[in-house]
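Notes to accompany the following structure.
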Amino acid sequence: MDDLLKGISNFREAVFPDNSALYQKLAREGQKPQALIISCADSRVMPETITQSGPGELFVCRNAGNIVPPFQTMNGGVSSAIEYAVIALGVRDIIVCGHSDCGAMKGLCHPELLAPMPNVAAWLKHSHAAHSIVCEAYPPTLEDKEKIRAVAMENVVVQLDHLRTHPSVAAKLAKGEVTLHGWFFDIETGSVLIYDGAASRFTELEDGQPLAVAVSGRDVPQVIPFRRKNGAERAALNV
Ligand SMILES: [Zn+2]
């Protein structure tokens, strides 16, 4: 605890003075973060550090396993953070960020570890699909470490699917106003893998290359093929 208290002192005396104008601007004008990131609560996975973001730049929601409960199955913090970020703050990008060596994913692969933690076990039910995918569709010869990594990556994709069940996200996707991203942070190497939704795989983030995305609002098909850009289009379709 002493280290944390020293950190507060250091922030107040050495860091804040150099950034006071920024903090005062943010206090005066409010926040306008460019993205919502849902990442694991793991102490080694720090979204602001990974993306080199400063105050006011990222709206962060962290929990065990970077989980997004499907809409309505749980009325809780994650759902509220999503709604607030999308509707009140108008973020245009939502990132689900998984990571290597994830304790939550280990728990999924070894349920006996969850016996003394009934809340964690219940929470991780939102990731069971990822575990089932790896158990049934991946080679049975995977070593434990490889299996946990595969579950962590599939879990990012499962949580991206859950994101789309949230009405606020679904509506913004249909309007082409939000983009969904799946990332995977490798603790050991510091690299961030990016989920390419079109290719259904994670790829290395390379300088100068266009960023692969999981789901682009522009690509979301609509049952009735018109966009709500103006009233005339609607009227022409007589709907
Ligand atoms: Zn984790």
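Bear in mind that the values in this text are calculations on the coordinates, not laboratory data. Computed from a prediction, not measured in an experiment: that's the story for all the values here. Glycine also receives a Cβ, built like all others from the backbone with ideal geometry; neighbour counts cover every protein chain displayed.
Test ASP196 against the criterion of being more than 15 Å from ILE37 (Cβ to Cβ) and touching a Phe, Trp or Tyr at 6+ places or on another chain (Cβ under 8 Å), and give yes or no. In short, yes. Could you go through segment 64-82 and let me know if any residue there is more than 13 Å from the chain's Cα centre (by Cα) and more than 27 Å from VAL178 (Cα to Cα). Taking every residue of segment 64-82 in turn, none turns out to be more than 13 Å from the chain's Cα centre (by Cα) and more than 27 Å from VAL178 (Cα to Cα). Take segment 165-191 and flag every residue that is buried (at least 17 other Cβ atoms within 10 Å of the Cβ) and either assigned to a loop (DSSP other than H, G, I, E, B) or of a type in the set (D, E, K, R) (or both). Hits for segment 165-191 are HIS166, LYS172, VAL178. Of all residues in segment 32-68, exactly one satisfies the criterion of being within 16 Å of the ligand (Cβ to nearest atom) and of a type in the set (Asp, Glu), namely ASP42.
For ALA115, the conditions (1) loosely packed, with under 12 Cβ neighbours inside 10 Å; (2) touching a residue at least 24 places away in the same chain (Cβ under 8 Å) all hold with the exception of (2).
Candidates in segment 29-41 are the residues that are touching a strand residue (DSSP E or B) at 6+ places or on another chain (Cβ under 6 Å) and over 24 Å from LYS172 (Cα atoms); of these, the one that is surrounded by the most Cβ atoms within 10 Å (Cβ to Cβ) is CYS40.
Is segment 69-92 home to any residue that is within 13 Å of the ligand (Cβ to nearest atom) and among the charged types (D, E, K, R)? No, segment 69-92 contains no residue that is within 13 Å of the ligand (Cβ to nearest atom) and among the charged types (D, E, K, R).
Condition test on HIS128, is it within 15 Å of the ligand (Cβ to nearest atom) and under 20 Å from ALA64 (Cβ atoms)? Here the answer is no, as HIS128 does not meet what is asked.
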